[in-house]
Amino acid sequence: MHRLEDIVVYQSVLDSISPEGKDRPSLLVEVAEFFREADYRPGILEEEPEETLTINLRAFDCYTFVEQCLAMALVFTEYRRTWDNYIGIVRQLRYREGIVDYASRLHYFCDWLDYHAQGGIIKDVTAALGGVPYRKHIHYMTSHEDLYPKLKDKEIKEKIRSVENALERKLGYYLPLPLKEETTLGIKHGDIIAFTTDTEGLDVCHVGIAVRDKEDQLYLLHASREAGRVIKSPSPLLDYLEKAKTISGIMVARPL
């Protein structure tokens, strides 16, 4: 599901960015910068009564912002840069084996990270940065059926429960707070940063894109619930994380 305006925005991105000589992380940041000040809109993928391939380039939640910017960065390295090709890439990023089905959607970030790391699209560099094993009982979706109306279908709910059970065995690594400045030196411009959380049953509560300014200071470019739009964090990442209340650490993934 999309509107004509989304196709117009997509073409504007293609017209605004020259991909020659740039790697995917750099392209990811350029695409993300194009969408700075776009509206924040929570739960975009939960709005339709039936699961559909929803693409909205006019507003984002934190997950669709990273996902759709990454899809465009991938498009720039493809021979065919058509709208249909972009839709296909989004489908492959969002759904296991590209199957548009609620239970096949990669709802949890750790599941998304593990799946696409295996597919060679991204690399989980958290352990290499000094991360420690992330251990947690994952059950947030099936414990909050009121937030996910499609889970009223018992068959779908059981499929999601199976995903949650399997996910506990592949949560990977995280960098616990407080972070040391030397740890963040290994985070590169264009890395994907996910915030792990103290919230019971949930793996990750927020995602964004690492950006470094001319002084090599590290910031987060993200769709912010608090700001109501896509912004660069007003303070460097370390300062931003110091104010966090429910964040337990970060994961870092690098587009390949």
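Read-outs throughout are calculated quantities, based only on the coordinates presented, and are distinct from any laboratory measurement. Every value quoted in this text rests on a predicted model; they were computed, and no experiment measured them. As a convention, Cβ positions derive from the backbone with ideal geometry for all residues, glycine included, and neighbour counts pool all protein chains shown.
Summary table below
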{"item": "Where only C-alpha atoms are counted, convex hull volume of segment 122-255 per residue in Å³", "result": "121 Å³"}
{"item": "In nm, spacing of pseudo-spin labels at residue 158 and residue 181 (7 Å Cα→C-beta vector)", "result": "5.6 nm"}
{"item": "DSSP-defined antiparallel bridges as percent of all bridges, the chain, nearest 5", "result": "95 percent"}
{"item": "Local electrostatic count, residue 9, Cβ distance below 12 Å [Lys/Arg +1, Asp/Glu -1]", "result": "-1"}
{"item": "Given (1) 125; (2) 170; (3) 149, the label whose value is volume of the Cα convex hull per residue in Å³ derived from this model", "result": "(1)"}
{"item": "Dimensionless Rg over Rh [segment 4-118; C-alpha; Kirkwood]", "result": "0.94"}
{"item": "Positive minus negative residues near residue 236 (Lys, Arg vs Asp, Glu; Cβ under 11 Å)", "result": "-4"}
{"item": "Scaled radius of gyration (Cα, divided by 2.2 N^0.38 Å) that segment 91-163 gives", "result": "1.25"}
{"item": "Surrounding net charge for residue 69, when Lys and Arg each add one and Asp and Glu each subtract one, Cβ distance under 12 Å", "result": "-1"}
{"item": "³J(HN,Hα), Karplus 6.51/-1.76/1.60, whole Hz, each residue of segment 62-69, x for Gly, Pro", "result": "5, 6, 5, 4, 5, 4, 6, 5"}
{"item": "Among 185, 175, 57: highest mean-square fluctuation, GNM of the chain, C-alpha pairs under 10 Å", "result": "185"}
{"item": "Dipole in debye (nearest 20) - the chain, about Cα centre, beta carbon charges: Lys, Arg +1; Asp, Glu -1", "result": "340 debye"}
{"item": "For segment 32-98 and segment 202-242, distance of Cα centres in Å", "result": "19 Å"}
